[in-house]
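The values are calculated or read from the model by the stated rules, or taken from the named source; none is laboratory data. Just so we're clear, the structure is a prediction, and the values are computed from it rather than from any experiment. Positions of Cβ are backbone-derived with ideal geometry, glycine not excepted, and every protein chain shown enters the neighbour counts. The protein model used for the area step is the full one, side chains on, heavy atoms only, and it has no ligands, DNA or RNA in it. Shrake-Rupley method; radii C 1.70, N 1.55, O 1.52, S 1.80 Å.
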Amino acid sequence: MKSLLSLLIKGKKLRHPWPTRLLHWSYAPAVLAGILSGFYITRPSRVHGFTNMDSARKTHFIAQYVLISSYLARVYYAYSAKNYREIIPDLKDIVRMPEFLKYQLFLTSKKPKFPKYNPGQKIVYTSFALLIPVQIVTGLGLYVTKRFQKPATLAGGLNPLRKLHYLASVSISALAAGHIYFALTDSLKKLKSIFTGYK
Amino acid sequence: MQGKTNHKLLEQLIPRLLKPRAGESRPPVIWLGTNTCAGDMLSLLNSLDPGYRSLLTDLIDFRYNYLLGTAEGDMATGILDETMAELPGEYILVVEGTIPTRSNGLYCVIGRRNGEPLTALQAVRELGASARYVVAAGTCAAFGGPYAAAPNPSDSKSVQAVLERRVINVPGCPVLPDWLMGTLAHLIRYGEPELDDLNRPKLFYGETIHNLCQRRHYFDNSIFAKKPGDPWCMYKIGCKGPVTFADCPYRQWNSEHLSWPVKANTPCIGCVSPEFPDGDMPFFEHLPDVKLPGIRTTADRIGTITGVITALGISGHMIGSIVTNRLPHTLKKGFSGNGMLQKLLKKLR
């Protein structure tokens, strides 16, 4: 077993340390469960994989707790390990964006090399980091409506809060779809690293 | 049977509760009508147990009522000045309707004083400053409601927005007679009731319509009405019950407690909420419309457009990747490029 493991990781570069992987596999299912149950709650239909509102709501609430805790843990880890610098786009990314877009739009066959994440990934991950708090706050407003009536007026009331929650979830869903697509098709070595840690 | 007994008990109890105690006088009440459809006053007239007559004889001393008062002109406005001067801190001010603030409030003139127009803005500010309690009757007075809806040419505002003191909000479009009668009775007999974050009495607005709804089990089991008139949960046709705080499901309308919108097979439109009506329209849609500069569309359409763009983007990129041989190359490289799979199989053997 040990030799198998050494074969798998020998000479490989650590891409995702275990806390990153653990947290990724905590919030990823929570986001997907939240999206599917959330769409069911907005527009009940069996297409979303639920047969009744009761089970969809329970799933949504469990996903909400997992997402909140794993998101907070990820923010803490990003801060303590300083790896947020790998995620937030900087000036270099803006400068290299045309090069990245040229490749993605098939205008060149030369694949540009980036340190860890390309500018597109950075934008997607930063958008997740910004949209998930919106989703948490608006979701809590709808979950504990009595306590959040006054803060909800900042969004215009509980009805506009519902709308904001829906629009944020639509954005997260689109980003998640893009993220999954590129994760599956860009590089299988990188895809493997989110499971094993090594590229 | 038990309900009938309880009802009989209430019939006997209510008059006793409302009768002024020894030495207690009926507090003076001023009811101003500002920019209003008069629906709230008309709704109050439908009150039963106590009825309007009992309200006048047992509970309050109506000094001024814009709709039912017989005095007019200087005589009517004179009562307002008289009450302010003689009974400061004693009278209850009830306001029905929004307060127009544009052009110094000239969009609503409630009478004339010394030959000059007396605006609702002026009257509410003056009377509100020395009232014992200020009650906003109906959604317009409480939060703006339909009379402050877009484009709101008179720049109408709620009572709270023009006063610097606490206003007790009793919203509803119109207000349910019990909500207003109950609030007035509580103020007179027991003082200020417990209020929620939006200054509404928790007694009537303490729980969501959704949690009190008789059709809640249909919601939990996803048995939904497809159109108004269906006898199931109204959620899919825009019921605002989950985000509306009121006791309509068990109190019901009017004072005979006969029915309410969902029982009549139509969705709740959330008329007691501060965002009503602009913030929760269309009434028969689950989510309010999305307003962008120059565009107004449904939230569902935004969701559909986003979904289509995402699907087109992903499928377009995938086709491009296949045509340019990028995807086959990635897969080939991933599975056999470094020979990892072969090494692994060899080791296992």
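For the reader, a short list of remarks on this structure follows.
- Pick from region B:274-297, criterion touching a residue at least 12 places away in the same chain (Cβ under 8 Å) and either assigned to a helix (DSSP H, G or I) or assigned by TED's automatic domain parsing to the domain that holds B:G144 (or both), ranking: least open to solvent (accessible area, probe 1.4 Å): B:D280
- Any hit, region B:218-238, residues being surrounded by 15 or more Cβ atoms within 10 Å (Cβ to Cβ), of a type in the set (S, T, Y), touching a residue at least 60 places away in the same chain (Cβ under 8 Å) and over 18 Å from A:P160 (Cα atoms): no
- One residue from A:L184, A:L191, A:L131, A:L164 being hydrophobic (A, V, I, L, M, F, W, C), in a helix (DSSP H, G or I) and within 9 Å of chain B (Cβ to nearest Cβ): A:L191
- Long-range neighbours under 7 Å by Cβ, at least six apart or interchain, first residue at positive phi within region A:44-66, second part of a helix (DSSP H, G or I) and surrounded by fewer than 20 Cβ atoms within 10 Å (Cβ to Cβ): A:G49/A:L36
- Subset of region B:313-336 that is polar (S, T, N, Q) and open to solvent by 40 Å² or more (accessible area, probe 1.4 Å) - its residue that is nearest to the other protein chains (Cβ to nearest Cβ): B:T324
- For region A:110-122, the set of residues classified as in a helix (DSSP H, G or I) and within 14 Å of another protein chain (Cβ to nearest Cβ) consists of A:G120 only.
- When region B:78-115 is limited to residues that are within 28 Å of B:G191 (Cα to Cα) and hydroxyl-bearing (S, T, Y), the one that is farthest from the chain's Cα centre (by Cα) turns out to be B:T83.
- For region A:134-151, the candidate set comprises residues that are within 14 Å of chain B (Cβ to nearest Cβ) and of a type in the set (S, T, N, Q); within that set, the residue that is nearest to A:I87 (Cα to Cα) is A:T138.
- Scanning region B:206-232 for residues that are within 12 Å of another protein chain (Cβ to nearest Cβ) and either in contact with a Lys or Arg (Cβ under 6 Å, 6 or more places away or on another chain) or at positive phi (or both) yields B:S222, B:F224.
- Once region B:162-202 is narrowed to residues that are at negative phi and of a type in the set (S, T, N, Q), the residue that is surrounded by the most Cβ atoms within 10 Å (Cβ to Cβ) is B:N169.
- Taken over region B:116-153, the residue count meeting the criterion of being more than 16 Å from B:P274 (Cα to Cα) and under 21 Å from the mean Cα position of the chain (by Cα) is 3.
- Residue check, B:T310 facing chain A (nearest Cβ under 8 Å) and touching a Gly at 6+ places or on another chain (Cβ under 9 Å): yes
- Residue check for B:A149: away from every other protein chain (no Cβ under 12 Å), surrounded by 24 or more Cβ atoms within 10 Å (Cβ to Cβ) and at pLDDT 95 or above: no
- Residue count for region B:239-273, restricted to those that are open to solvent by 10 Å² or more (accessible area, probe 1.4 Å), of a type in the set (V, I, T) and either more than 12 Å from every other protein chain (Cβ to nearest Cβ) or not in a loop (DSSP other than H, G, I, E, B) (or both): 1
- The criterion of at least 2 residues that are free of Cβ contacts under 8 Å to residues at least 60 places away in the same chain is met, among strands (runs of 3 or more DSSP E) falling completely within region B:17-123, by B:61-65, B:109-113, B:116-119.
- Selection status of A:G157, open to solvent by less than 20 Å² (accessible area, probe 1.4 Å), at pLDDT below 95 and within 24 Å of A:A30 (Cβ to Cβ): no
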